[in-house]
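See structure below.
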Amino acid sequence: MVSEHDQGVALPAEVAPLRRKPVQQRSAQRVEKMLSACAELIDEVGYDGLTTTLIAERAGVAVGSLYQFFPDKRAVVQELTLRNLDRFVRTVSVRFDQLELEHWWDAVDAVFDVYLTMHREVPAFSRLHFGDVVDLRLLDPSKDNNAVIAEKLTGLIAEEFELDPTELLLPLAVAVEAADAVLHLAFRRDPAGEPTLVAEAKELVRGYLSNRMPGGQPKDLPSPR
């Protein structure tokens, strides 16, 4: 049975950064080249150094072709970030299925592991994460980026452990904010994520959620260290 999470990330119509969806295979391939070029350039020159001309040149397309699909560089980066969000949610969902989780803290560890792997392996993710460097509401104009992440994780964890999502949303929103702050520190200390600080982030989130998760969850959690 396919859950709603396996369908990818559903986005409000006003969020979509593409001027028009590529219909033909050739157009879709051009858009993919633009996004790949954008990711490569962000790793090289950062968002501030990025231009639509550079993206078009790296992708091997005319800049006019880029403008057929994207109004500006922000829209290209937004589409790239939305696709990374979709990848994150799908990968977490698959990981949940693969691990056959026994406890919610195993799910927390899996989320951390997926995020860290993307940070280390996905082009531009270490610079963009989920878009704060560009706009605190890049993923959805009605809420900040971390709130979007918290909502997606709430849906996944609530479904996995048959919990009420309305009871999970606030504690997971707080946990996402806390983890985000500590992981930023870990990445400043080490581009791959300083291991001691990553462990501290996991322990902080587990300790907080042990007092907030519904159903009287145990407080004697195994250490992530």
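Numbers for the structure displayed
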quantity: Subset of region 165-183 [within 20 Å of Arg120 (Cα to Cα), surrounded by 15 or more Cβ atoms within 10 Å (Cβ to Cβ) and free of Cβ contacts under 8 Å to residues at least 60 places away in the same chain]; calculated: Val176, Asp180, Val182
quantity: Spans of helices (runs of 4 or more DSSP H) in region 10-117 with at least 1 residues within 19 Å of Ala147 (Cα to Cα) and touching a Phe, Trp or Tyr at 6+ places or on another chain (Cβ under 9 Å); calculated: 73-99
quantity: Number of the exception - Glu32 against (1) surrounded by fewer than 20 Cβ atoms within 10 Å (Cβ to Cβ); (2) touching a helix residue (DSSP H, G or I) at 6+ places or on another chain (Cβ under 8 Å); (3) not β-branched (Val, Ile, Thr); calculated: (2)
quantity: Contacts under 7 angstrom Cβ, first residue in region 68-91 being under 12 Å from Arg19 (Cα atoms), partner open to solvent by 10 Å² or more (accessible area, probe 1.4 Å) and of a type in the set (Ser, Thr, Tyr), 6 or more apart; calculated: Asp72/Thr52
quantity: Where a residue in region 16-35 is free of Cβ contacts under 8 Å to residues at least 24 places away in the same chain and its partner, wherever it lies, is assigned to a loop (DSSP other than H, G, I, E, B), with Cβ under 8 Å and at least six apart; calculated: Ala28/Pro22
quantity: Check on Val76, surrounded by 14 or more Cβ atoms within 10 Å (Cβ to Cβ) and under 23 Å from the mean Cα position of the chain (by Cα); calculated: yes
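Residue by residue, here is whether (1) open to solvent by 60 Å² or more (accessible area, probe 1.4 Å); (2) under 12 Å from the mean Cα position of the chain (by Cα); (3) modelled with pLDDT under 95; (4) among the polar types (S, T, N, Q) holds:
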| residue | (1), (2), (3), (4) |
| --- | --- |
| Ala28 | no, no, yes, no |
| Asn84 | no, yes, no, yes |
| Ala110 | no, no, no, no |
| Pro141 | yes, no, yes, no |
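The values are calculated or read from the model by the stated rules, or taken from the named source; none is laboratory data. Keep in mind it's a predicted model, so treat the numbers as computed, not measured. Here Cβ is always computed from backbone atoms with ideal geometry, including for glycine, and neighbour counts include all displayed protein chains. Just so you know, the surface numbers come from the protein's heavy atoms only, side chains and all, with ligands and any DNA or RNA stripped out. Shrake-Rupley method; radii C 1.70, N 1.55, O 1.52, S 1.80 Å.
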